[in-house]
Amino acid sequence: MNDAPARATIRLDKWLWQARFFRTRSLAARAVAAGGVRLNAERTDKPARAVAPGDVLTFAQGGRVRVVRVLAPGTRRGPPAEAARLYEDLAPPPA
């Protein structure tokens, strides 16, 4: 019997939208489906792929590459300050 607590997960496209990386969930789903997102260094084209705290996402946004670690699954698309608590930015600052 496995007594380990289950990891809280959320759909990749929904998380990207809630974390305010994309203006709409359909834009997030389109970016994932086009193969523009890597989950833990593996390219994925499945918007429904589950992400959980500790996962690392890599994707292009606004002419730069974003690398973020998921800190929380989130429950809603809140204001930017709330969204920023869902991830840790691992990319170096732009030059």
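Rule-based calculations on the coordinates, nothing more; no lab input. As the structure is a computational prediction, the values presented were derived from the model and not from experiment. Glycine gets a Cβ as well: all are built from the backbone with ideal geometry, and neighbour counts include every protein chain shown.
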Let me know the whole percent of all Cα-Cα pairs from region 53-93 that are separated by more than 15 Å.
45 percent
Averaging the inverse of every distinct alpha carbon separation and then flipping it gives the Kirkwood radius. What is it for region 10-89, in angstrom units?
12.1 Å
If I model a spin label at residue 8 and residue 84 as a point 7 Å from the Cα along the Cα→Cβ vector, what separation in nanometres do I get?
2.1 nm
In region 12-89, which trypsin sites (Lys or Arg not before Pro) fall in coil by DSSP and have 14 or fewer other Cβ atoms within 10 Å?
23, 76, 77, 85
Region 30-64 and region 75-95 have their Cα centres apart by a whole-number Å value of 15 Å
